[in-house]
Amino acid sequence: MGDIFASEPSTEGHSVTVTDSAARRIAFLVAQESGDGLFLRVTVSGGGCSGFQYGFGFDDEIKPDDRIFEHEGVKVVVDETSLDLMGGAEIDFVEDLIGASFQIRNPNATASCGCGSSFSV
């Protein structure tokens with residue numbers, strides 16, 4: 001796994017790591033969208049089967065409370081509120097016999113559901 005770079009110096013626990021596999025998949029999806037300047041936005045909102053759920057989407061606008069994490073030329077953006085709940089997490093892209101998906105390994109989660117997109121703290 002490679003190093004991460006943030007738009008501002010990050011403090012321990014308030015960073016997000018993007019794996020090589022996730023960076024390659026994000027780059028592929030951005031190319032499919034013909035979206036130069038697009039980045040992956042990861043959010044945390046209330047809901048899901050465990051209390052909080054992750055959201056993924058493409059965006060091209062940086063907001064004042066966003067933190068930018070780059071790896072292999074792709075950007076992942078997380079707002080400060082979401083970062084409070086997922087600081088120190090690793091975003092990976094996993095392919096197996098069942099399918100392929102982005103997975104977040106969040107050290108703040110005390111429990112998660114079977115689908116992997118919902119967690120509790």
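Would you check which residues across segment 66-79 are free of Cβ contacts under 8 Å to residues at least 60 places away in the same chain and farther than 11 Å from Val44 by Cβ and list them? Passing the criteria: Asp66, Gly73, Val74, Lys75, Val77. Every residue in segment 38-90 that is within 20 Å of Thr19 (Cα to Cα), open to solvent by 70 Å² or more (accessible area, probe 1.4 Å) and of a type in the set (A, V, I, L, M, F, W, C), please. Once the filter is applied, which keeps residues that are within 20 Å of Thr19 (Cα to Cα), open to solvent by 70 Å² or more (accessible area, probe 1.4 Å) and of a type in the set (A, V, I, L, M, F, W, C), segment 38-90 yields Phe56, Phe58.
The values are calculated or read from the model by the stated rules, or taken from the named source; none is laboratory data. Quantities reported herein were computed from a predicted structural model and do not represent experimental measurements. As a convention, Cβ positions derive from the backbone with ideal geometry for all residues, glycine included, and neighbour counts pool all protein chains shown. Each accessible area value is taken on the protein alone, full model and side chains, heavy atoms only, with ligands, DNA and RNA left out. Shrake-Rupley method; radii C 1.70, N 1.55, O 1.52, S 1.80 Å.
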